[in-house]
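J.: Next up is a structure, given as structure tokens.
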Amino acid sequence: MAKVVASIVLAFLAGTVSAANDPHSYADTSQFVVRHVELDLAADFAAHRLQGSATLAVERTDPAARELHLDTRDLDIRSVQRIDAAGQAHALGFLLDDPDPILGSRLTIELPRRPDEPGRLSLRIDYRTSSEASALQWLDPAQTSGPHPYLYSQGQAIHTRSWIPLQDTPSVRVTYGARIRTPPELVAVMSAARADPAASTPGEYRFEMRQPIPSYLIAVAIGDLKFQDLGDRVGVWAEPSRLAAAAQEFADLPRMLEAGEKMMGPYRWDRYDLLVMPHSFAFGGMENPRLSFISPSVVAGDRSLVAVIVHELAHSWSGNLVTSATWNDFWLNEGFTTYAERRLMETLYGKRRAQMEDAIAYEYLTQTIADAQESGQLAETSMRLDLAGRDPNEGISDIAYEKGRWFLGFLESRFGRPAFDAFLREYFDSHAFTSVDTATFRSYLLEQLARPGAPTIPVADMDEWLFGTGMPATTPAIPSGVFDGVDRAATEWRAGRLAVGELPVGNWLPQEWLRFLDEQPADLSDAKLAELRSQFRLGADGNAEIARSWLALVVRCAYEPAYADLERYLLSTGRYKLVVDLYRDLARTPSGLALGEAIYAKARPGYHATIRQAVERLLRPESPGS
Ligand code: BES
Ligand code: ZN
């Protein structure tokens, strides 16, 4: 076993960090590196297109290189020009390959070397996006909470190439500027600073991102947006009708930011704002720098889902400041962030709350590993993945998040908390604004472990975490006692010793509801299910996570009376994790699969492409490419 692990490790260590190792990009950074992107785009809401130009500042890293390869998807490229020092444009030859279904089309630009070449080439690409651009969601007024249309982008993982031609790999970092033109009544926001807040004319917005970021973090949203301050450095954007509730829900944002800095070092992005998205947004949250995009389902009314905000904020260090260099190393973003999320939840809301979130998530992780085992896909439970030839979204699973979280929990237990905090801080400081792969992190950890006073961690133990499957033998004890009261009440109720009205739900947190519902067995009787349903009015509405856990129980028990609620939920929820988990549960039995297919046929048009792909993989596991 140790030998196998060692040879796998050697294979991973063979290369250095470069896009040559990123199987999801056509970029060759040994030849050229894009350093800055200047966008000039107009939003055409009638045609569902962005139109304008991207001007790239490019460095030739190999003097012999003559062809620059960029990533694009469904772009209509009008012209490519070199802009000389005097500002004169010179046409360049270019070639757009036929699209690869996963990677899109390689754009090759001919770049003969000139004797007077400056350190950075300036290349202007005139183009427009397709109305089908995978990063862009164009919403009609009916899909928003007001009378105006809305546009937003979602770059992660490899969608930025569908609205900007560039080196779309997280191993390359760029600064960016933008001029965005919108209909005069709408407001544009980006993952960047507003460049001219006062001078701005209606319908024209300028932005500047001075810190280098990976391409998947370039983001834009345009809509009827209003802003409310929540502190000196923090605030929230939303459509007017959502603003007050959002400001209430996220009132702890200043405290969260302070806790983040205390744990992980200075916040390096100046401002931290939230943008509350329309319902179709596919994620709980997306960590666009300076401006996280947040699902409106997080605005539960009782601040019970703020862990999502803490999570996205934590990405300001793990993910945005230090970035996983390829999607195979996605765990470096999400595992670190989930660890930080739980630590910050503990600081902000107490140990009990953090332990609840840990215990619930650990149950899901256990299920994910059991499913992988059963379907002969245990290789998918390695933190370091090999997604070459596959869609990088296939790497989105509890493994990156929760196994990653417990790897850091393991390290914390060996270092001791104060020493581990110092380790983390130094890691962020020494790797700030760089992209790191698993091999680089591994070497860094080995170096730190060689220092005097560091704990002894056998390399084999470390590598079992990074490259092994399932949960390692060194997994720390997962605190489980927090739900003893809930579990006892559940047992008593099932045994008939406690009436449904006697369940002590009066002071249950939403997390306790999740536990109660998640732990019910698949053979719970229809009578018991009916009791729960009517006593607690469980259905498709209210707290989106409680509804998900109830509906998962409905699926587990094939409880037909609640199928209409299941359908309503799946038709109205756009959040990846909630939706995909339910389809996964449905796909476990032939009758569930049939139901899942029937609901999906109706729900499909409303889902984001990322969700469609994931659901179709679940419902048709034998189809090609899965
Ligand atoms: N960066 C992710 C969302 C993401 C992952 C988008 C992969 C595209 C590809 C974000 O930080 C995230 O993890 N969101 C979670 C919330 C979190 C609390 C687990 C979500 O959307 O559920
Ligand atoms: Zn995340």
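The values are calculated or read from the model by the stated rules, or taken from the named source; none is laboratory data. Just so it is clear, the structure is predicted and the values come from calculations on it, not from any experiment. So basically every Cβ, Gly included, is an ideal-geometry build from the backbone, and we count neighbours across all protein chains shown.
J.: Within region 588-610, track down each residue that is of a type in the set (S, T, N, Q) and either away from ligand 2 (no atom under 16 Å from the Cβ) or assigned to a loop (DSSP other than H, G, I, E, B) (or both).
T.: T589, S591
J.: Turning to a different aspect of this structure: Considering only region 182-196, how many residues are under 18 Å from R268 (Cβ atoms) and of a type in the set (A, V, I, L, M)?
T.: So the count comes out to 3.
J.: I've got another one for you. Kindly establish whether I125 is more than 16 Å from ligand 2 (Cβ to nearest atom) and over 26 Å from I83 (Cβ atoms). Let's see the steps before the verdict.
T.: Details: more than 16 Å from ligand 2 (Cβ to nearest atom): yes; over 26 Å from I83 (Cβ atoms): no.
So I125 fails the test.
J.: Of the residues R575, R584, which single one is modelled with pLDDT under 95, under 21 Å from L365 (Cα atoms) and not polar (S, T, N, Q)?
T.: Numbers: R584 fails: modelled with pLDDT under 95.
Selected residue: R575, the only one of R575, R584 that is modelled with pLDDT under 95, under 21 Å from L365 (Cα atoms) and not polar (S, T, N, Q).
J.: Which ranges mark the helices (runs of 4 or more DSSP H) fully within region 388-502 that have 3 or more residues being over 30 Å from S525 (Cα atoms)?
T.: Here the list reads 404-415, 417-430, 438-449, 459-467.
J.: Tell me whether region 369-382 contains one or more residues that are touching a residue at least 24 places away in the same chain (Cβ under 8 Å), within 14 Å of ligand 2 (Cβ to nearest atom) and of a type outside the set (K, R).
T.: No, that holds for no residue.
J.: Would you be able to tell me the number of residues in region 335-354 that are of a type in the set (S, T, Y) and away from ligand 1 (no atom under 13 Å from the Cβ)? Show your work before the answer.
T.: Of region 335-354, the ones of a type in the set (S, T, Y) are 337-339, 347, 349.
Filter once more, keeping what is away from ligand 1 (no atom under 13 Å from the Cβ): 347, 349.
The number of residues fulfilling the criteria is 2.
J.: Can you give me the ranges of the strands (runs of 3 or more DSSP E) entirely in region 255-334 with at least 2 residues that are crowded, with 23+ Cβ neighbours inside 10 Å and within 11 Å of ligand 1 (Cβ to nearest atom)?
T.: 291-294
J.: Output the residue which, of all residues in region 333-357 that are within 16 Å of ligand 2 (Cβ to nearest atom) and charged (D, E, K, R), is nearest to the chain's Cα centre (by Cα).
T.: Checked region 333-357; the qualifying residue nearest to the chain's Cα centre (by Cα) is E334.
J.: Report yes if some residue within region 186-204 is closer than 19 Å to S324 by Cβ and not in a loop (DSSP other than H, G, I, E, B); otherwise report no. Spell out how you get there, then give the answer.
T.: First, pick out the residues of region 186-204 that are closer than 19 Å to S324 by Cβ: 191.
From what's left, not in a loop (DSSP other than H, G, I, E, B): none.
Within region 186-204, not a single residue is closer than 19 Å to S324 by Cβ and not in a loop (DSSP other than H, G, I, E, B).
J.: Which ones in region 560-580 are assigned to a helix (DSSP H, G or I) and either of a type in the set (G, A, S) or within 16 Å of ligand 2 (Cβ to nearest atom) (or both)? Lay out the reasoning, then the answer.
T.: Restricting attention to region 560-580, the residues satisfying the condition of being assigned to a helix (DSSP H, G or I) are 560-572, 576-580.
Correct list: A562, A564, S572, Y576, K577, L578, V580.
J.: For residues in region 140-166 being more than 26 Å from E394 (Cα to Cα) and touching a residue at least 40 places away in the same chain (Cβ under 8 Å), which is surrounded by the most Cβ atoms within 10 Å (Cβ to Cβ)?
T.: Among residues in region 140-166 that are more than 26 Å from E394 (Cα to Cα) and touching a residue at least 40 places away in the same chain (Cβ under 8 Å), the one surrounded by the most Cβ atoms within 10 Å (Cβ to Cβ) is Y150.
J.: In region 208-238, how many residues are out of contact with any helix residue (DSSP H, G or I) (no Cβ under 7 Å at 6 or more places or on another chain) and crowded, with 22+ Cβ neighbours inside 10 Å?
T.: Quick first cut of region 208-238, residues out of contact with any helix residue (DSSP H, G or I) (no Cβ under 7 Å at 6 or more places or on another chain) only: 208-214, 217, 219-223, 225, 227, 229, 232, 235, 237.
Filter again for crowded, with 22+ Cβ neighbours inside 10 Å, leaving 209, 213-214, 217, 219-223, 237.
Counting residues in region 208-238 that are out of contact with any helix residue (DSSP H, G or I) (no Cβ under 7 Å at 6 or more places or on another chain) and crowded, with 22+ Cβ neighbours inside 10 Å gives 10.
J.: Would you check if there is a residue in region 358-370 being under 22 Å from W317 (Cβ atoms) and more than 16 Å from ligand 1 (Cβ to nearest atom)?
T.: No: region 358-370 contains no residue that is under 22 Å from W317 (Cβ atoms) and more than 16 Å from ligand 1 (Cβ to nearest atom).
J.: Step by step: first the residues of region 155-191, then only those that are closer than 17 Å to I222 by Cβ and basic (K, R), then the one that is farthest from ligand 2 (Cβ to nearest atom). Which residue is that?
T.: R181
J.: Pick from L517, L524, L538, L551: which is outside any helix (DSSP H, G or I) and touching a Phe, Trp or Tyr at 6+ places or on another chain (Cβ under 6 Å)? Working first, answer last.
T.: Numbers: L517 fails: outside any helix (DSSP H, G or I); L524 fails: touching a Phe, Trp or Tyr at 6+ places or on another chain (Cβ under 6 Å); L551 fails: outside any helix (DSSP H, G or I).
L538 is the lone residue from the list that is outside any helix (DSSP H, G or I) and touching a Phe, Trp or Tyr at 6+ places or on another chain (Cβ under 6 Å).
J.: Follow-up question, since we're still on this one. Condition first: hydroxyl-bearing (S, T, Y), surrounded by 16 or more Cβ atoms within 10 Å (Cβ to Cβ), modelled with pLDDT of 95 or more and assigned to a strand (DSSP E or B). Can you find one or more residues in region 70-80 that meet it?
T.: yes
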